[in-house]
Amino acid sequence: MVSIEDIKTKHKRAILESQKLYADRKAKDTAGAVRYTKGKIVEEITRDVIKIAWAGVSSDESRLRTDRKKVVIKTNSEIYKLSQDIHIYIDNTFRISVECKSYTEVATYKRVLVDAMLLRKAVPTINAFFIVQLENFLGGDYGMNIKAKGSESVITLNRLFPYIDVITLLDGDRDISRPLHRPEYFKNLTDGRLTYAVEKFREAMSKNQSNA
């Protein structure tokens, strides 16, 4: 079973990899690889958090599965297919949808909200949406408080669209002049933020499912 310490080790390994890629930037273009590495680790961390959370809900691992299969949205004869990064199924029912980002801008948040609205209409069984971001770039107190109040823009948008829980994995805000892929700006994951993420997913998984 994966542990909080395993997640912290995985994160450190991935960021060190991005730092090596950045150091090699003079020899070849590594910018895309740096971005990919940081984005990929957020999804891997989130999948591990989901596993830990589920262990607190049920001992039956077969009841839980994830995918990112596209959902078909139909309007008359037109079709739009969309998916988010992690779709969580409990007892083969799509319950939770998750986006994973190295950071989230307000413009990106708006797009995720629209996707969430379309998904909720197409799949009424979804009862929770999450954005898991490595660093905060939404304003507000996401990088300061684990149980954040949020930013004014996000709070306003959440009143108009399906509510999305924002989970931030690292303390502090994203600073483009102090990127994580430079060794002097490395940040460790903390037990408090990871535990909070586990608790939020466990709470969502416990809703509307049998034999918990």
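The values are calculated or read from the model by the stated rules, or taken from the named source; none is laboratory data. These figures come from a predicted structure and were not determined experimentally. Cβ placement follows ideal geometry from the backbone for every residue including glycine, while neighbour counts extend to all protein chains displayed.
Looking at (1) surrounded by fewer than 18 Cβ atoms within 10 Å (Cβ to Cβ); (2) not in a helix (DSSP H, G or I), which is the one condition that is false for residue 142?
Unmet condition: (1).
I need the full set of residues from segment 188-211 which are surrounded by 13 or more Cβ atoms within 10 Å (Cβ to Cβ), touching a helix residue (DSSP H, G or I) at 6+ places or on another chain (Cβ under 9 Å), part of a loop (DSSP other than H, G, I, E, B) and in contact (Cβ under 8 Å) with a residue 40 or more places away in the chain, in order please.
189, 209
Of all residues being in a helix (DSSP H, G or I) and more than 14 Å from residue 180 (Cβ to Cβ) in segment 4-30, which is modelled with the lowest pLDDT? Just the residue, please. So that I can check it myself, show each step before the final result.
At the first step, the residues of segment 4-30 found to be in a helix (DSSP H, G or I) are 4-23.
Filter again for more than 14 Å from residue 180 (Cβ to Cβ), leaving 4-10.
Working: 4: 93, 5: 94, 6: 93, 7: 93, 8: 92, 9: 91, 10: 87.
Only one residue fits best here, namely 10.
Filter segment 100-118 down to the residues that are assigned to a helix (DSSP H, G or I) and among the basic types (Lys, Arg), then identify the one that is surrounded by the fewest Cβ atoms within 10 Å (Cβ to Cβ).
At the first step, the residues of segment 100-118 found to be assigned to a helix (DSSP H, G or I) are 106-118.
If we keep only those that are among the basic types (Lys, Arg) too, we end up with 110-111.
Details: 110: 14, 111: 12.
That would be 111.
Go through (1) without any contact (Cβ under 8 Å) to a residue 24 or more places away in the chain; (2) on the phi < 0 side of the Ramachandran plot and name the single condition residue 150 misses.
Checking residue 150 against (1) without any contact (Cβ under 8 Å) to a residue 24 or more places away in the chain; (2) on the phi < 0 side of the Ramachandran plot, the one that fails is (2).
Restricted to segment 75-99, and to residues that are assigned to a strand (DSSP E or B) and free of Cβ contacts under 8 Å to residues at least 24 places away in the same chain, which residue is farthest from residue 164 (Cα to Cα)?
Residues of segment 75-99 assigned to a strand (DSSP E or B): 75, 78-82, 86-90, 93-99.
Still in the running and free of Cβ contacts under 8 Å to residues at least 24 places away in the same chain: 75, 78-79, 81, 87.
Values: 75: 24, 78: 27, 79: 25, 81: 20, 87: 14 Å.
So the residue we want is 78.
With the checklist (1) part of a loop (DSSP other than H, G, I, E, B); (2) at pLDDT below 95; (3) of a type outside the set (Gly, Ala, Ser); (4) in contact with a strand residue (DSSP E or B) (Cβ under 9 Å, 6 or more places away or on another chain) in hand, flag the one item residue 121 doesn't pass.
Checking residue 121 against (1) part of a loop (DSSP other than H, G, I, E, B); (2) at pLDDT below 95; (3) of a type outside the set (Gly, Ala, Ser); (4) in contact with a strand residue (DSSP E or B) (Cβ under 9 Å, 6 or more places away or on another chain), the one that fails is (1).
Starting from segment 160-182, take each residue that is closer than 25 Å to residue 20 by Cβ and list its partners that are assigned to a loop (DSSP other than H, G, I, E, B) and basic (Lys, Arg), counting only C-beta distances under 6 angstrom and pairs at least six apart or across chains.
Sorted first by the residue in segment 160-182, then by its partner, the pairs are 170/187.
Within segment 49-91, restricting attention to residues that are modelled with pLDDT of 95 or more and of a type in the set (Phe, Trp, Tyr), which residue is surrounded by the fewest Cβ atoms within 10 Å (Cβ to Cβ)?
Here the residue is 89.
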